[in-house]
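Remarks on the structure that follows.
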Amino acid sequence: MNFLSGSADAAALAWGLGLLALLGYAAAAWPLEVRSRWPAVALAVAWVAHGLVLLVDIGGLGLAHRGARFGFAPALSVTVWLVLAVHAVESRFVPLPGVRRLLAVAGSAVVLLTMLFPGDMWVQVASPWVPLHWLLGVASYGLFGAAVLHATLLDAAERQMRPKAGRPPMPASGARPAALGLPLMRLERLTFRFVDAGFVVLSAALLLGVGSALQTPSLWKWDHKTVFSLLGWGTVAVLMVGRHVRGWRGRHATRWLYAGAALLLLAYIGSRFVLEVLLGRMA
């Protein structure tokens, strides 16, 4: 991470925490026996260190500058950190070692990305509602990320339950696919609870953005972020109407979820990636 504008002590702290997070995620991703507690402990240590790095670098805690540092990699980092937080709570009830390894690899990737592409500084904001708008937007990213993770498990479970040659289909109501450890219907309900929560938080973030633009017209821009955010919101809205009115289920519903999540990913992370990496500028 680029800490040239911060104090040497804070920079050393952030580097140390970043390396600790990388080591912890690597240990959590290492294939061990399911009964072993070390991967779970390593993942917890990495998650805490990852969160502290976000506070130090993105929040500017302990650094000489004032204001937040943000960009495509920090946004992705916060999203994965929030998905890991959801997994930490969920794993207390349903152990999913395969998901743990996948999230550990994702955690390592986003920490490395943030080291390479730390983003730029937000020294001043034009509206007092902008920080809350940003926080709600990132929270919606985390909720939709958790929904996408569960949707992939749902699709995998449905593929596992399809009838094959010489084998009758498994009953959907009581099936417990070995890779998941919970009934299919419960997994589906859990997936779309995250969708519902993400939609509510995203709607609040968009309303705050519109309110801030009404107060400060210069904030409103018809750029890629605005267009993709509205398209993503509309796609998820169609999904929710389709589920509650038309009874969409299974892969038909998850495809709409993937499309909406991809549009939201393009809204901020995608546009910032183009600016920071492809075009080599921050503004």
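The values are calculated or read from the model by the stated rules, or taken from the named source; none is laboratory data. Computed from a predicted model, the values in this text were never measured in an experiment. Here Cβ is always computed from backbone atoms with ideal geometry, including for glycine, and neighbour counts include all displayed protein chains. SASA here: full protein model, heavy atoms, side chains in, ligands and nucleic acids out. Shrake-Rupley method; radii C 1.70, N 1.55, O 1.52, S 1.80 Å.
For Trp256, the conditions (1) touching a helix residue (DSSP H, G or I) at 6+ places or on another chain (Cβ under 7 Å); (2) open to solvent by less than 70 Å² (accessible area, probe 1.4 Å); (3) under 17 Å from His150 (Cα atoms) are fulfilled apart from (2). Summed over the range 187-230, the residues that are open to solvent by less than 90 Å² (accessible area, probe 1.4 Å) and not small (Gly, Ala, Ser) give a count of 22. Listed by first and then second residue, the pairs linking a residue in the range 38-58 that is crowded, with 21+ Cβ neighbours inside 10 Å to a residue that is among the basic types (Lys, Arg) and not in a helix (DSSP H, G or I), with Cβ atoms under 8 Å apart and 6 or more places separating them unless they lie on different chains, are Asp57/Arg69; Ile58/Arg69. Looking only at the range 237-248, decide whether some residue is modelled with pLDDT of 90 or more, part of a loop (DSSP other than H, G, I, E, B) and either open to solvent by less than 40 Å² (accessible area, probe 1.4 Å) or touching a helix residue (DSSP H, G or I) at 6+ places or on another chain (Cβ under 7 Å) (or both). Scanning the range 237-248, I find at least one residue that is modelled with pLDDT of 90 or more, part of a loop (DSSP other than H, G, I, E, B) and either open to solvent by less than 40 Å² (accessible area, probe 1.4 Å) or touching a helix residue (DSSP H, G or I) at 6+ places or on another chain (Cβ under 7 Å) (or both), so the answer is yes.
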